[in-house]
Amino acid sequence: MTRTPDTTAIAKRLDELWTTSGPVVMGIVNATPDSFSDGGHFLAPEAAVAEGERHIEAGARIIDIGGESTRPGADPVGADEECRRVLPVIGELRRRHPAAVISIDTTKVAVAEAALAAGADLVNDVSAASEAGMLELVAARRAGIVLMHRRGTPGTMQQDTRYDDVVAEVHAFLRDRASAAADAGVPAHRVWFDPGIGFGKDDAGNLALLAAIPELAACGHPVVVGPSRKAFIGRLTGAPVEDRLGGTLAALIPAVGLDRIVVRVHEPAPAVQFLEIAGRLSRLEEPAA
């Protein structure tokens, strides 16, 4: 029997994210066999729960749990299998960490509904809620929704990375999807934007979108930045996937000092340290009033 979500608790956990200044960290838990950097490491529920707890202890405020890889070329996964992978993890992390914000990384309404019932607060949807009913579900549960820009599907998204103006086009798409979310009844502060670093963009496009994070934040919605270990870092630096921490942290520079920003990373502890020190340095550079 599906549990009814505590919508008041969901809204409270999300709203409390923004009671402190500066970016917050989202730790990634891939309960998948084929994710690009850690596929298979956390497929067993107990391993995924342990990884989530390590992220929380390292300072991550949000744990993002996914049961379907979205890497370029990834094969789709059915809703039943996706639920089998993620629901035990969500339920156990919610039991152990009542105050943590838990995100379900999915594009499927059925998975999102089950995950919210199991204890999730946020739907991280790389398709920007393309499946009918997703926005209405999020509104009814008083949950949050991450609307991400991508072109095509994981199997096709890197086949065409041409834009006339990548920043303008991506931002316009996200504003359009925010309008759809508003029409469905999702409050603006629970609609988060993600420019989709690495999803249907070339290296120049990724860099342009990262540099424009302050501009995207000025749209009035929380923003998720997800450069962690992405292939563009490897192409630009030659670093293998397991050695891209430096590039990941460098990609976060435009987020330093901004409020209502979420940085989505595989390694929360270095990101927390980086943001703390970089934030303090940026405040030193602020002109006196």
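The values are calculated or read from the model by the stated rules, or taken from the named source; none is laboratory data. Predicted, not measured: the structure shown is a model, and the values here were computed from it. Cβ coordinates were reconstructed from backbone atoms using ideal geometry, including for glycine residues, and neighbour counts include every protein chain displayed. Heavy atoms of the whole protein, side chains included, go into the accessibility calculation; ligands, DNA and RNA do not. Shrake-Rupley method; radii C 1.70, N 1.55, O 1.52, S 1.80 Å.
Overview of values
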{"read-out": "Antiparallel %, DSSP beta bridges [both residues in the chain], to 5", "value": "0"}
{"read-out": "Rounded to whole Hz, the Karplus (6.51, -1.76, 1.60) HN-Hα couplings of the range 242-251, x for glycine and proline", "value": "7, 10, 10, 5, x, x, 4, 5, 4, 5"}
{"read-out": "Relative contact order computed over the range 106-229 (Cα-Cα under 8 Å; 6+ residues apart), in percent", "value": "25"}
{"read-out": "Computed magnitude of the charge dipole of the chain (debye, nearest 20; Cβ of K, R +1, Cβ of D, E -1)", "value": "400"}
{"read-out": "Amide H within-cut-off set for V225, under 5 Å, with H built and near neighbours excluded", "value": "V262, V263, R264"}
{"read-out": "With all protein chains modelled, accessible area of S130 [1.4 Å, Å²]", "value": "90"}
{"read-out": "Those lysines that a straight Cα-Cα span of less than 19 Å connects to K201, excepting residues fewer than 8 apart in one chain", "value": "K230"}
{"read-out": "Built amide H within the under 5 Å cut-off of W192, gap 5+", "value": "I145, V146, L147"}
{"read-out": "Theoretical ellipticity at 222 nm over the chain - DSSP helices of four or more residues, -39500 (n - 2.57) apiece, nearest 500", "value": "-13000 deg cm²/dmol"}
{"read-out": "Contact order normalised by residue count of the range 167-274, Cα under 8 Å, 6+ apart, percent", "value": "25"}
{"read-out": "Relative contact order for the chain, counting Cα pairs under 8 Å that sit 6 or more residues apart, in percent", "value": "20"}
{"read-out": "Neighbour-limited loop hits for trypsin sites (Lys or Arg not before Pro), the range 108-182 (at most 12 other Cβ within 10 Å; DSSP other than H, G, I, E, B)", "value": "R162"}
{"read-out": "Spin-label model distance (nm) - D160 vs D75, 7 Å beyond Cα toward Cβ", "value": "2.7"}
{"read-out": "Nearest-10 value in Å² for the accessible area of E131, using the 1.4 Å probe", "value": "80"}
